[in-house]
Amino acid sequence: MKVRNSLALKVTLWFLLLAFLSGAFMVVFVRRAVLEALRVQTISQSADYTHQLALALADSESQQAAENIILHQNLDHQRLFVVSENGRYILHPDITKVNHLLLQDYPSKVVNEILGNAQGSLDVASFSNAVTYEAVPSRGLVVVSVIPEAEANQAIAYFEGQSYIQIFTALFIMAIVGGAATWITILPIRQLTKAVQEIGEGKLETRVEIEDLDAELEILGMSFNRMAEQLQQLFYGLEDRVAERVRDLTLAAQVSRQITTELDAARVVAHVAALTASVFELYHVSIFLHDEADQILKLSQGTGKAGEEMAAGGKQFNIRDRGLVPLSARTQEAIVSNDVAQDANYFQNPLLLETRSELAVPMLFQGNLIGVLDLQAEQINRFTADDIKIMVTLAEQVAIAITNARLFEELQVALKHAERANQVKSTFLASMSHELRTPLNAIINFSQFISSAMLGPVNDEQIALLQKLTASGKHLLSLINDVLDISKIESDSLQLFIEEGINLAEELDTVVASGHALLKDKEVELQSRIGTNLPPIAGDKRRIRQIMLNLVSNACKFTDSGQITVSLSQQGHEILFSVTDTGPGIAPKDHEIIFETFRQSETGIRHGEGSGLGLPISKRLAEIQGGRLWLESEVGKGTTFYVALPLGLSELAQPTLLEGGSSHEH
Amino acid sequence: MNTEPVFLYVEDDEFSRTVMELLLTRALGFTQLTMFEDSSNFLKKMEALSLKPDLIFLDIHMKPDDGFALLTLLRSHESYCKAKVVAVTASVMNEEVELLKEAGFDGALAKPLDIGFCSEFIKRTINGERVWHIG
């Protein structure tokens, strides 16, 4: 609590200020009034005394006694004397004064007053003594009583002597008592303040002591305690509910997490049933799967002994049957019965006699009924609205998991089929290649032996036909090779034989030689421009040569006049190989088609040669070695094919390193 | 070559044997060629003929023993372990060629035979170079 703003301190300080103000008022005003009253009283007493004395002097019997009083009075105290009507002392305790004029001791104004009136009193400020007098006309005397200043103000002196100490003592005591009283009054308020503060800090168990409080504060205190009580209940109630919900959601998430990683539908179901029963502490959990064709809900998994017996007995519902499970399947809604004895929809299972609450939740995936999750509890009112929500979510997860698992199973089967099909294809291709190459060995070579006249004379016509036979055989062989290549490329099973130090210029020479052979009947010039100081590159030499040969053969095939230029040059970290022809060109719409397998441009089709595999194979062969293949063409002018190959191995896309040192000669 | 090399070809396909025979004896002019029609009793046949081949061509897909089995027999035989053994095969996929290399063949010739290259192939193989002509 901040002292500066303390209510108690403020009240105390105000109280002290009030006490001082009233003290000061007393000193200034009351004191004067009191003192005046005291003086007046003194004078009045003196006047009484004077009167008594005057009466006594008038009476002959008491005359002597009165005179004695006057004569024998103590000089230090009141001064009584008697004067004659002409103003001379007659009786005075001081004998020497007798017959002396009163005027000698008192001012004329006072003397005239005393002598001029029957009786009275004088309290003249300038003449500090107070005087009372009374005439005794029968004897021509005046009794005068003079109250000396000291005596007249005796009360004042006394009062003044004592009062300041008393006033301040009183003020001090008042302050102490007032402060203490204030403090005591304020204390319960401070207690309340402290309690409020503690509640604010979260100590909801804080209460105030009612017994010590005053009536007004007691009400405040009671209200406060009630409020704190409600706050505490609300808070802890809320906390409990949140904790409960968090726990349920955590459990549901736990179940979900476990099942979504499961890829076997039967195991998903078994997992869910067991986990749900254990984590939510349920009497029984079953999962029914929907058979859409037969409109049947077949038990897939049930927990406990009842579950085993139900499974053994082939437990199932028709979707039109009585019971919460079929009802939930029909309505595709969660069906809850929190007191099965009162529920007409409930259909008792003789194996589950302890069931008091049941919750059947449909397992839906994209609106399709996968099955029903059935939960049973031994307690009445087991399933709250929150529970139902959680179970609906869980059932959705289960539906997804089951669907995923089923899809995965289908996928596995499909994958196995595909793998098998692929295996069959590969085996077929390998054996086809083998089986075709063996007769081609005879066809190609016999025709060559015969046409070379090695076996005897042959005429030109025979030679021409035999050469066509050889060429056809070789063409068939290249088709077989292409089909094998594309099959391997498409199944990603093409293996490269990477070697370093390949001299592309040398390789190009052999390719150009083949090109010349293809052009021997045409008016087409084939020239090569090989850059100087070309670095050797790493790659699959046979495949690189295959690319170059394919592009050069294509150019030779499609160019009927003009020229073909092949070039090799270094471009940064790449070697650029290009083949430029003056052929018919390739229309832009065909730029992509020609790289598709078994497709050719219209020109290619008209030309009636080739498998339509050469370019796709070449492109892929360049790419799997980390290179690129592309073209530029203008219809009617010609085409240039480019191949860029990286110099180093590090840039290979598929560095399938096989032992080098091999030599594939053509 | 000072002396004419001695060749052995084991091949169960008749046409292939004819191609090899025409190639070696008619086209290239060699005379020392022996051919077996199958792989049965391989070593016995060789011993019976007292063959000392310099270059042995083996078909791969044969019965009862395939080319690999014959290679193993040759390599483990005192008299033949120095002979050059070349596979002549129609199975020319990369992985198949890899198997040949691993098995220890001294080279390979693909079917159909590239007769234009065979003279050079024989020379280089006999000189100890391992040549894989599978294009």
Could you state the number of Å between the C-alpha centres of segment B:116-135 and segment A:421-478? 21
Name the residue farthest towards the positive end of the dipole of chain A from the options A:303, A:429, A:286, assuming +1 on Cβ of Lys and Arg, -1 on Cβ of Asp and Glu, about the Cα centre. A:429
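Lys and Arg at +1, Asp and Glu at -1: add these up for the other residues within a Cβ distance under 14 Å of residue A:231 and post the number.
On the way: positive: A:203, A:207, A:226; negative: A:198, A:201, A:205, A:229, A:239.
Net local charge, residue A:231 excluded: -2.
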Cubic angstrom per residue, convex hull over Cα atoms of the protein assembly as shown: 500
In debye to the nearest 20, the charge dipole size for the protein assembly as shown, taken about the Cα centre with +1 at each Lys and Arg Cβ and -1 at each Asp and Glu Cβ, equals 840
Using only Cα atoms, tell me the angle between helix A:60-71 and the longest principal axis of chain A; keep it within 0 to 90° and round to the nearest 10. 60
What is the sum of charges around residue B:19, taking Lys and Arg as +1, Asp and Glu as -1, for the other residues whose C-beta is under 13 Å from the C-beta of residue B:19? -2
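Direction-averaged shadow area of the convex hull around the Cα atoms of segment B:64-124, nm²?
Details: hull surface 19.3 nm².
The number I arrive at for segment B:64-124 is 4.8 nm².
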Between the modelled labels at residue A:532 and residue A:493 (7 Å from Cα along Cα→Cβ) the distance in nm is 4.9
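Relative contact order of chain B, please, whole-number percent, based on alpha carbon pairs below 8 angstrom and at least 6 residues apart.
On the way: 193 pairs, mean separation 27.4, N = 135.
This gives 20 percent for chain B.
Take each of the peptides A:312-325, A:367-380, average the number of other beta-carbon atoms within 10 Å over its residues, and list them starting from the highest. Numbers along the way, then the final one.
Working: A:312-325: 15.7, A:367-380: 20.8.
Going from most to least packed, we get A:367-380, A:312-325.
Can you compute the helix-only [θ] at 222 nm over chain A? Use -39500 (n - 2.57) per DSSP H run of at least 4 residues, normalise by all residues, nearest 500 deg cm²/dmol. All intermediate terms of the calculation are to be shown ahead of the outcome.
Details: 17 runs with 349 residues, N = 666.
For chain A, the value works out to -18000 deg cm²/dmol.
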Percent RCO, i.e. relative contact order, over chain A, from Cα pairs under 8 Å lying at least 6 residues apart: 7
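Once you list every other residue whose beta carbon is under 13 Å from the beta carbon of residue A:527, what net charge do they have if Lys and Arg are +1 and Asp and Glu are -1? Before the final figure, lay out the partial values.
Values: positive: A:529; negative: A:509, A:525, A:581.
Here the charged neighbours net out to -2.
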In degrees, nearest ten, helix A:215-260 long axis to first principal axis of chain A (Cα): 10
Where in segment B:65-135 are there trypsin sites (Lys or Arg not before Pro) that are in a DSSP coil and have at most 11 other Cβ atoms within 10 angstrom of their Cβ? B:82
Extension length gain for residue A:573 and residue A:347 (0.36 nm per residue less Cα distance), in nm, is 73.4 nm
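Under a Cβ-only charge scheme (Lys and Arg +1, Asp and Glu -1), can you give me the dipole magnitude of segment A:225-277 about the Cα centre, in debye to the nearest 20?
Details: 6 positive and 7 negative charges, 8 e Å.
Using only the charged Cβ atoms, the result is roughly 40 debye.
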Can you grab the distance from the C-alpha centre of segment A:367-397 to the C-alpha centre of segment A:181-242, Å, no decimals? 44
Can you work out the Karplus-derived ³J(HN,Hα) for every residue in segment B:81-90? Use 6.51 cos²θ - 1.76 cosθ + 1.60 with θ = phi - 60°, whole Hz, and x for glycine or proline. 5, 8, 5, 7, 10, 10, 7, 10, 9, 8
Just report the Cα centroid separation between segment B:15-61 and segment A:516-539, whole Å. 40
Longest segment of chain B with no GluC sites (Glu not before Pro) in a DSSP loop having at most 16 other Cβ atoms within 10 Å? B:79-128
Compute the distribution of all C-alpha to C-alpha distances in segment B:1-63, in bins of 5 Å from 0, and list the percent of pairs in each, rounded to whole numbers. 4, 17, 29, 25, 17, 7, 1, 0
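What pairs in A:468/B:63; A:474/A:520; A:315/A:416; A:541/B:101; A:488/B:63; A:468/A:520 have C-alpha atoms more than 25 Å from each other?
Details: A:468/B:63 35 Å; A:474/A:520 18 Å; A:315/A:416 34 Å; A:541/B:101 18 Å; A:488/B:63 29 Å; A:468/A:520 15 Å.
A:468/B:63; A:315/A:416; A:488/B:63, as the Cα separations exceed 25 Å there.
So what is the diffusion coefficient of chain B in µm² per second by Stokes-Einstein at 37 °C and 0.692 mPa s, using a Kirkwood Rh over Cα pairs? Please list the in-between numbers first.
Details: Rh = 14.8 Å.
For the chosen part, D equals 222 µm²/s.
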Taking the 0 to 90 degree range and rounding to the nearest ten, how far is the long axis of helix A:31-58 tilted relative to the main principal axis of chain A, both from C-alpha atoms? 10
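Bear in mind these aren't lab numbers, they're just calculated from the coordinates by the rules spelled out. Not measured: the values here are computed from a predicted model. As a convention, Cβ positions derive from the backbone with ideal geometry for all residues, glycine included, and neighbour counts pool all protein chains shown.
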